[in-house]
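This report refers to the structure that appears directly beneath it.
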Amino acid sequence: MSKALIDLIRQKFPADVLESHSQRGDDTVVVYAPRWKDIARFLRDDPRADMNMLTDLTAVDFPDRTPRFEVVVHLYSLSKGHRLRLKARVGDAAGTNAEIDTVSDLWASANWAERECWDMFGVRFKGHPDLRRILLYPEFEGHPLRRDYPADRIQPLVPYLDVPNTQKLPPFGPDEGMPFGRQTFQQGPSTDDDDVN
C-alpha cells in the first residue's frame, strides 16, 4: 500500500518529489524542503492517505553533503495500516541555515520531537510555538549529535538555577514535572495509633 501512497504523492506534487525508494519493506519519499509542510498536510488530510499518526521525527547529519541534514518523519495510518518515511534536506555544509517548517500544528506529537531535533542537531522549525532546548540546559553550546561535535568538548560551568516562580506552559500545571510535591501533605496532630514501636 505504501507504494501506492508514493504514487499518490507523485501525482499531487510531481515537481516536489526528489526521490523515493524502498528498503526492507520501508517506503521512503524525499521531498523538496519548501513544500514539506504542504505534502505533510496532504498526507494527513487526504482520505486515501489518512496519515493520522506521526510516530517519530528526527534528523540525520551528512557533514560531507549539501544540504547537510535530512529531516525525517515516520507517519502511520491507523485506519489503513500503511506507513511512510518522509524526508527533506536542509542546511548548508557548515550546518547553518538548517530550517524547515514545523509540523507540530498538524500532529501534536511533533512538538517535543522538533524541540529535541533542534537541541541535538540545530535544525530550526519555523513556526514552532516553543522552540527551545528540551534535553540540555539553555547555556549548552553547540548541538551534540552533529558529527563534527567534538566528543571531548567541555561545556562551560553554569551556576545552579533556582527559579521558584518559573511559569510552565499549558497543559502543565505549576506542580507538574517536579520529583516531589505534587500534593502538599500536612501532618495532623499525633494520635496513639500513629506511634510505631
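The values are calculated or read from the model by the stated rules, or taken from the named source; none is laboratory data. This is a predicted model, so every value here is computed, not measured. Counting neighbours? That spans all protein chains shown, and the Cβs are built from the backbone with ideal geometry, glycine included.
Residues in the range 1-33 that are of a type in the set (S, T, N, Q) and either within 22 Å of the chain's Cα centre (by Cα) or in a loop (DSSP other than H, G, I, E, B) (or both): THR28 alone. When each of ILE154, ILE134 is tested for being farther than 23 Å from TRP36 by Cα, modelled with pLDDT of 90 or more and of a type in the set (Val, Ile, Thr), the lone residue that passes is ILE134.
Within the range 114-155, how many residues are β-branched (Val, Ile, Thr) and within 20 Å of THR102 (Cα to Cα)? The number of residues fulfilling the criteria is 2.
Pairs meeting the criteria (first residue in the range 3-15 and at negative phi, second residue surrounded by fewer than 16 Cβ atoms within 10 Å (Cβ to Cβ), beta carbons under 7 Å, at least 6 apart or on different chains) are LEU8/ARG48. TRP36 meets all of the listed conditions (1) assigned to a strand (DSSP E or B); (2) under 16 Å from LYS126 (Cα atoms); (3) touching a residue at least 60 places away in the same chain (Cβ under 8 Å) but one, namely (1). Candidates in the range 17-50 are the residues that are within 17 Å of VAL103 (Cα to Cα), of a type in the set (A, V, I, L, M, F, W, C) and out of contact with any helix residue (DSSP H, G or I) (no Cβ under 7 Å at 6 or more places or on another chain); of these, the one that is surrounded by the fewest Cβ atoms within 10 Å (Cβ to Cβ) is VAL30. I'd like to check something: does the range 99-112 contain any residue that is of a type outside the set (Asp, Glu), in a loop (DSSP other than H, G, I, E, B), surrounded by 18 or more Cβ atoms within 10 Å (Cβ to Cβ) and over 13 Å from the mean Cα position of the chain (by Cα)? No, that holds for no residue.
Considering only the range 51-84, state which residues are assigned to a loop (DSSP other than H, G, I, E, B) and either out of contact with any helix residue (DSSP H, G or I) (no Cβ under 8 Å at 6 or more places or on another chain) or buried (at least 20 other Cβ atoms within 10 Å of the Cβ) (or both). Residues satisfying the conditions are MET51, PHE62, PRO63, ASP64, ARG65, THR66, ARG68, SER77, LEU78, SER79, LYS80, GLY81.
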